[in-house]
Structure formats: structure tokens, C-alpha cells
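Encoded as C-alpha cells, the structure appears first; notes follow it.
The values are calculated or read from the model by the stated rules, or taken from the named source; none is laboratory data. Small disclaimer: the values here were computed from a predicted structure and weren't measured. All Cβ positions, even for glycine, are placed from backbone atoms using ideal geometry, and neighbour counts span all protein chains on display. Calculation scope for accessible area: heavy atoms of the full protein, side chains included, ligands and nucleic acids excluded. Shrake-Rupley method; radii C 1.70, N 1.55, O 1.52, S 1.80 Å.
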Amino acid sequence: QLQAYGGGLVQAGGSLRLSCATSGRTYSSFVSGWFRQAPGKEREFVAAIRWSGDTTYYADSVKGRFTISRDSAEKTVFLQMNNLRPEDTAVYYCAADNAIGLAIIRFRSQYKYWGQGTLVTVSS
């Protein structure tokens, strides 16, 4: 079970940190991801992290501004979002599944477990 929180309203250029708490059984081969869905748009990949080795992956649109990380003891995954832009406004979802291959890690269909969304609004 996943629970996402940390969204809110922020001005352009500001920062927010999202958290995703994971409960239940987990595996060292887990992959955690963040996706977002803006009004009228499809849900898109934002970032992902492998629990084994902490390898990270980012969408081009957020690379250099967002950082995904995790606290293994707390089984919590974070998304630090800096230099936010109005186009980052969306509902952000955390997701997870076991052993997702590199070629498909950006596809939301590969994630079995989803948290509820948390709304991020960036004002201009």
C-alpha cells in the first residue's frame, strides 16, 4: 500500500517535497516511481528509483530540477521538486512494483501498486 502526501500551492520558482510511504511487504528489487497527470492530459512519467542500488531515472522535462530519493529504513520515497514551473501543475501519483526492466520503467502500465494522488499547483 502506498500513501502520497506533500502537495500544495507554490509560486513559480519555489520548491516542494512529496513523500510516498510504503507499507506491506517490499523487495530489494522494488522500483518506485512518480507520475503526474495534468487536467485534460494523460498520466506521464516523472521519475523512478530502484531500491537496489538507488539508480534513478527522470523525464527530460524535470531533469535537473527534480530529485527522487528514498529512506530505506522508513520505506519512504521522496520527490524533491525545485524551480517549479506552472506547467508542473498536476496531480502527482506514486507507484511501485517489483523488478521493472529498464526499457519499460517509464510506462505506467508496468506498475501494480499506486497511491492516491497529491495535488501540486504552481502559480505564475
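Assorted remarks:
- For segment 29-63, the tally of residues that are basic (Lys, Arg) and farther than 15 Å from Gly115 by Cβ stands at 3.
- Residue in segment 58-68 that is modelled with pLDDT of 95 or more and more than 12 Å from Ala47 (Cα to Cα) present: no
- When segment 31-61 is filtered for residues that are among the basic types (Lys, Arg) and outside any strand (DSSP E or B), the ones remaining, listed by number, are Lys41, Arg43.
- Verdict on Thr26 being in contact with a Cys (Cβ under 8 Å, 6 or more places away or on another chain), open to solvent by less than 60 Å² (accessible area, probe 1.4 Å) and within 20 Å of Trp114 (Cβ to Cβ): no
- Enumeration of residues in segment 9-21 that are touching a Leu at 6+ places or on another chain (Cβ under 6 Å) and either more than 15 Å from Thr67 (Cα to Cα) or in a loop (DSSP other than H, G, I, E, B) (or both): Val10, Gly14
- Complete set of residues in segment 62-86 that are in contact (Cβ under 8 Å) with a residue 12 or more places away in the chain, surrounded by fewer than 19 Cβ atoms within 10 Å (Cβ to Cβ) and not in a strand (DSSP E or B): Arg65, Ser72, Glu74, Lys75, Asn82, Asn83, Arg85, Pro86
- Selection of segment 87-113 for residues being part of a helix (DSSP H, G or I) and open to solvent by 80 Å² or more (accessible area, probe 1.4 Å) yields Glu87, Leu102, Ala103, Arg108, Ser109.
- Taking the criterion of being open to solvent by 30 Å² or more (accessible area, probe 1.4 Å), among the charged types (D, E, K, R) and either under 16 Å from Arg108 (Cβ atoms) or without any contact (Cβ under 8 Å) to a residue 12 or more places away in the chain (or both), the residues of segment 29-61 that qualify are Lys41, Glu42, Arg43, Glu44, Asp60.
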